[in-house]
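*Asks:* One structure follows; several queries about it will come next.
The values are calculated or read from the model by the stated rules, or taken from the named source; none is laboratory data. All values reported here derive from a predicted model rather than from experimental measurement. All Cβ positions, glycine included, derive from the backbone under ideal geometry; neighbour counts span all protein chains shown.
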């Protein structure tokens, strides 16, 4: 996912238009043999085994989320109270929960919930972070000082505790979790983008863009963003994993997703009473969280090494 | 230096005031506290409603309530719980020792295990132990704290029972147990109740400390003074411990201080998983039951503690690393 999202100017023409479309995709898939920057990144990424494993797990999960109705055999929210909680069996691979719902189906559908939370929270955090970082880095001065102090205040809250407070205020539910994770997660994006902008602000091509009369917004979006985005892409990949983890923790504590949403954290909380008799009820969704988070962390690490080989 | 300390310390005030104001404003707009206080009954009678409103001063304009809250806060009064029929100060007196004891042991484990693993991984780079450290630190960061807690409970609490192992192998996995302490040192078999909650709480930070120690150790081992130490004939252990570790510790010490936010967040989850009667599980419970004064009071306290410790860590840079100067413009 993040590889094609990556806006590294891959052999881009002077207008900056070409290079993101089919050509970049082709390079990413190794179809274009000529050396482009994106192709180099992909070549380095490909040699990192852990990163490939991470990308594989994420790909499997995206597929599972997309094809959930095709690869499961029962509805994740249909109760079967005559059945009740059971261990793994041939009809119910991961067993059934307290209400007789198929845990395998709930884990597969849970991928939809987790990916939705991770990606939407990323979008919110990214938008706020990039705007704050751009304003602070580009204009500097008093605005910079003010925005960075606000960033400090937000960083002063212990994350989970702040999320709990905000969710209680706004009202429980999955949408609230997405909003809160975005609202509490933008600070590193702002800092990363700000420092990238500070580095490239004085370079010639920015001066050239200004000389030909580009507006501030155009300079930031068309000239600075593509060249300052690398650390943001790396952190963004890891952010999705962190968001999945935080959503699971909040759902586990009872302030996240609500019944009957098949959220992994909620399933762990429900499984804890059956830990001694049916441990799978807790550990199947637990393993799903673990694999997802690890996949995104591996992918982020791989991207960092591939984008900037000097950092290794 | 003195000017820097003063400016840095003054910065704490807006952060704390901002945090308290945000928290208070948040709870001002949350639902109808009368129903929460009355215990969620459908219809609260008019007389009960009036009594509750009078007792908690809910009919006053919000700025008066805010002023009152700040006034009481300054005098160290955190208000009354909506649900528990006692003051937040009472709750705090009961919860804080349990939380502090758990946190102290988590930090001790984090330092011992994290630094040891990091040093071994760096000294024996690319060995099996190094790979093991890298893989296990990644896994620990990715495994949810609550799943790790239940894993400990299952392996050390439930499985030994199922296998009929002797009492030596069985760990109690819920609650604080006999609660016998000398200050923060567990007495009798208290340590059996403490071990796994502390390990769970320490897990994420231990991984971070181990990675940080490994990379700074690798950095330090390339330094000239390490070669000098080897050239003058010191033993390998002396070089690593006296010259290497001492210099590698600067960023690690900082990290341990700054990592407090992770610890506080993990504490909420860990204490819930193990039914540990501390501030973290109290906040989680109060949040679910909408007990605003408890959440507000305990969160405020945590934010203040966090900000103050961050300040101390920032200032300690200068003492650990004399190369750092706090000039006028360069300071942040």
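*Asks:* So residue A:196 clears everything in (1) farther than 27 Å from residue A:250 by Cα; (2) part of a helix (DSSP H, G or I); (3) without any contact (Cβ under 8 Å) to a residue 40 or more places away in the chain except one condition, right? Which one?
*Replies:* (3)
*Asks:* Part of a helix (DSSP H, G or I), closer than 29 Å to residue A:306 by Cβ and more than 14 Å from every other protein chain (Cβ to nearest Cβ), is that true of residue A:136?
*Replies:* Taking the combined requirement at face value, the residue does not satisfy it.
*Asks:* Next question. Considering only the range B:240-269, how many residues are under 20 Å from residue B:304 (Cβ atoms) and part of a helix (DSSP H, G or I)? First the steps, then the outcome.
*Replies:* The initial filter retains those residues of the range B:240-269 that are under 20 Å from residue B:304 (Cβ atoms), namely B:256-268.
Now drop any that are not part of a helix (DSSP H, G or I), which leaves B:256-258, B:260-268.
Residues flagged as under 20 Å from residue B:304 (Cβ atoms) and part of a helix (DSSP H, G or I) within the range B:240-269 amount to 12.
*Asks:* Among the residues of the range B:200-214, is there at least one that is at positive phi and either away from chain A (no Cβ under 14 Å) or touching a strand residue (DSSP E or B) at 6+ places or on another chain (Cβ under 9 Å) (or both)? Spell out how you get there, then give the answer.
*Replies:* First, the residues of the range B:200-214 that are at positive phi: none.
Looking through the range B:200-214, none of the residues is at positive phi and either away from chain A (no Cβ under 14 Å) or touching a strand residue (DSSP E or B) at 6+ places or on another chain (Cβ under 9 Å) (or both).
*Asks:* Turning to a different aspect of this structure: Examine the range A:246-253 for a residue that is surrounded by fewer than 21 Cβ atoms within 10 Å (Cβ to Cβ) and at pLDDT 85 or above, and state whether such a residue exists.
*Replies:* From the range A:246-253, those surrounded by fewer than 21 Cβ atoms within 10 Å (Cβ to Cβ) are none; that's our starting set.
No, there is no match, as no residue in the range A:246-253 is surrounded by fewer than 21 Cβ atoms within 10 Å (Cβ to Cβ) and at pLDDT 85 or above.
*Asks:* Does residue B:117 count as within 14 Å of another protein chain (Cβ to nearest Cβ), in a helix (DSSP H, G or I) and more than 24 Å from residue A:252 (Cβ to Cβ)? Don't jump to the end; show me each part of the working.
*Replies:* Details: within 14 Å of another protein chain (Cβ to nearest Cβ): no; in a helix (DSSP H, G or I): yes; more than 24 Å from residue A:252 (Cβ to Cβ): yes.
Here the answer is no, as residue B:117 does not meet what is asked.
*Asks:* Go through the range B:261-270 and give me each residue that's within 8 Å of chain A (Cβ to nearest Cβ) and farther than 15 Å from residue B:146 by Cβ.
*Replies:* Passing the criteria: B:261, B:264.
*Asks:* Only one of (1) touching a residue at least 60 places away in the same chain (Cβ under 8 Å); (2) farther than 22 Å from residue B:200 by Cα; (3) more than 8 Å from chain A (Cβ to nearest Cβ); (4) in contact with a helix residue (DSSP H, G or I) (Cβ under 6 Å, 6 or more places away or on another chain) is not met by residue B:252, so which one is it?
*Replies:* Tallying (1) touching a residue at least 60 places away in the same chain (Cβ under 8 Å); (2) farther than 22 Å from residue B:200 by Cα; (3) more than 8 Å from chain A (Cβ to nearest Cβ); (4) in contact with a helix residue (DSSP H, G or I) (Cβ under 6 Å, 6 or more places away or on another chain), residue B:252 fails exactly one: (2).
*Asks:* Under 7 Å between Cβ atoms, which residue pairs at least 6 apart in sequence (or on different chains) link something in the range A:155-169 that is over 17 Å from residue B:281 (Cβ atoms) with a partner that is modelled with pLDDT under 80 and part of a loop (DSSP other than H, G, I, E, B)?
*Replies:* Qualifying pairs under 7 Å: A:169/B:29; A:169/B:30.
*Asks:* Residues that are within 28 Å of residue B:26 (Cβ to Cβ), away from every other protein chain (no Cβ under 14 Å) and surrounded by fewer than 18 Cβ atoms within 10 Å (Cβ to Cβ): does the range A:143-152 have at least one?
*Replies:* Narrowing the range A:143-152 to residues within 28 Å of residue B:26 (Cβ to Cβ): A:143-152.
Narrowing the set further to residues that are away from every other protein chain (no Cβ under 14 Å) leaves A:143.
Remaining after also requiring surrounded by fewer than 18 Cβ atoms within 10 Å (Cβ to Cβ): A:143.
Yes, the range A:143-152 contains a residue that is within 28 Å of residue B:26 (Cβ to Cβ), away from every other protein chain (no Cβ under 14 Å) and surrounded by fewer than 18 Cβ atoms within 10 Å (Cβ to Cβ).
*Asks:* Further, regarding this structure: For the list (1) within 14 Å of chain A (Cβ to nearest Cβ); (2) more than 30 Å from residue A:152 (Cα to Cα); (3) in contact with a helix residue (DSSP H, G or I) (Cβ under 7 Å, 6 or more places away or on another chain), I need the number of the one condition that residue B:36 fails.
*Replies:* Every condition holds for residue B:36 apart from (3).
*Asks:* Taking the residues in the range B:120-129 that are more than 26 Å from residue B:198 (Cβ to Cβ) and assigned to a helix (DSSP H, G or I) as candidates, determine which candidate is nearest to the chain's Cα centre (by Cα). Can you show your working first?
*Replies:* First, the residues of the range B:120-129 that are more than 26 Å from residue B:198 (Cβ to Cβ): B:123-128.
From what is left, the residues that are assigned to a helix (DSSP H, G or I) are B:123, B:128.
Working: B:123: 30, B:128: 32 Å.
The extreme case among them is B:123.
*Asks:* Could you say which residue among B:23, B:73 is under 23 Å from residue B:287 (Cβ atoms) and touching a helix residue (DSSP H, G or I) at 6+ places or on another chain (Cβ under 6 Å)?
*Replies:* Details: B:73 fails: touching a helix residue (DSSP H, G or I) at 6+ places or on another chain (Cβ under 6 Å).
Every option except B:23 fails the conditions.
*Asks:* Is one or more of the residues making up the range B:284-306 within 18 Å of the chain's Cα centre (by Cα) and outside any helix (DSSP H, G or I)?
*Replies:* Taking every residue of the range B:284-306 in turn, none turns out to be within 18 Å of the chain's Cα centre (by Cα) and outside any helix (DSSP H, G or I).
*Asks:* Only residues that are more than 8 Å from chain B (Cβ to nearest Cβ) and buried (at least 24 other Cβ atoms within 10 Å of the Cβ): list them for the range A:266-285, please.
*Replies:* Listed by number, the residues that qualify are A:266, A:267, A:271, A:281, A:285.
*Asks:* While we're on this one: How about the range B:78-114: which of its residues are in a loop (DSSP other than H, G, I, E, B) and either under 23 Å from the mean Cα position of the chain (by Cα) or buried (at least 19 other Cβ atoms within 10 Å of the Cβ) (or both)?
*Replies:* Initial filter on the range B:78-114 (in a loop (DSSP other than H, G, I, E, B)): B:78-79, B:81-86.
Across the range B:78-114, the qualifying residues are B:78, B:81, B:82.
*Asks:* If you don't mind, another one. What about residue A:234, is it crowded, with 20+ Cβ neighbours inside 10 Å, touching a residue at least 12 places away in the same chain (Cβ under 8 Å), within 26 Å of the chain's Cα centre (by Cα) and more than 24 Å from residue A:303 (Cβ to Cβ)? Before the answer, list the steps.
*Replies:* Details: crowded, with 20+ Cβ neighbours inside 10 Å: yes; touching a residue at least 12 places away in the same chain (Cβ under 8 Å): yes; within 26 Å of the chain's Cα centre (by Cα): yes; more than 24 Å from residue A:303 (Cβ to Cβ): no.
In short, no.
*Asks:* Further question on the same structure: Condition first: touching a helix residue (DSSP H, G or I) at 6+ places or on another chain (Cβ under 6 Å) and crowded, with 17+ Cβ neighbours inside 10 Å. Now tell me which residues in the range A:58-95 satisfy that.
*Replies:* The answer is A:58, A:61, A:64, A:65, A:68, A:72, A:76, A:85, A:94, A:95.
*Asks:* Only one of (1) surrounded by fewer than 17 Cβ atoms within 10 Å (Cβ to Cβ); (2) more than 9 Å from chain A (Cβ to nearest Cβ); (3) under 20 Å from residue A:298 (Cα atoms) is not met by residue B:167, so which one is it?
*Replies:* Failing condition for residue B:167: (3).
*Asks:* When the range B:270-279 is examined, which residues are found to be part of a helix (DSSP H, G or I) and under 17 Å from residue A:269 (Cα atoms)?
*Replies:* Those that are part of a helix (DSSP H, G or I) and under 17 Å from residue A:269 (Cα atoms): B:270, B:271, B:272, B:273.
*Asks:* State all residues of the range A:238-252 that are more than 16 Å from residue A:295 (Cα to Cα) and more than 9 Å from every other protein chain (Cβ to nearest Cβ); if no residue qualifies, say none.
*Replies:* Residues satisfying the conditions are A:247, A:250, A:251.
*Asks:* Looking at the range A:158-174, which of the residues that are outside any helix (DSSP H, G or I) and more than 8 Å from chain B (Cβ to nearest Cβ) is surrounded by the most Cβ atoms within 10 Å (Cβ to Cβ)? Step through it out loud before you land on a result.
*Replies:* Taking the range A:158-174 first, the residues outside any helix (DSSP H, G or I) are A:158, A:171-173.
Now drop any that are not more than 8 Å from chain B (Cβ to nearest Cβ), which leaves A:171-173.
Working: A:171: 10, A:172: 18, A:173: 15.
Once the filter is applied, the top-ranked residue is A:172.
*Asks:* Looking only at the range A:251-272, which residues are over 22 Å from the mean Cα position of the chain (by Cα) and either part of a loop (DSSP other than H, G, I, E, B) or without any contact (Cβ under 8 Å) to a residue 40 or more places away in the chain (or both)? Talk me through it step by step, then tell me what you get.
*Replies:* Within the range A:251-272, the first condition is being over 22 Å from the mean Cα position of the chain (by Cα), and the residues that meet it are A:254, A:259-260, A:269-272.
Correct list: A:254, A:259, A:260, A:269, A:272.
*Asks:* Still on this structure: Select, from B:82, B:56, the only residue that is more than 14 Å from chain A (Cβ to nearest Cβ) and in contact (Cβ under 8 Å) with a residue 24 or more places away in the chain.
*Replies:* None of the other options fit; the residue is B:56.
*Asks:* Next up: Just to be sure I understand, how many residues within the range B:273-290 are surrounded by 24 or more Cβ atoms within 10 Å (Cβ to Cβ), within 20 Å of residue A:170 (Cβ to Cβ) and more than 8 Å from every other protein chain (Cβ to nearest Cβ)?
*Replies:* 1
*Asks:* Which of the residues that make up the range B:40-65 are at pLDDT below 80 and loosely packed, with under 10 Cβ neighbours inside 10 Å?
*Replies:* Passing the criteria: B:41, B:42, B:43, B:46.
*Asks:* Hey, another quick one. Just checking, does the range B:224-233 include any residue being at pLDDT 85 or above, more than 11 Å from every other protein chain (Cβ to nearest Cβ), over 16 Å from the mean Cα position of the chain (by Cα) and not in a helix (DSSP H, G or I)?
*Replies:* yes
*Asks:* Which of the residues that make up the range B:136-156 are more than 9 Å from chain A (Cβ to nearest Cβ) and either more than 24 Å from the chain's Cα centre (by Cα) or in a loop (DSSP other than H, G, I, E, B) (or both)?
*Replies:* Matches in the range B:136-156: B:155, B:156.
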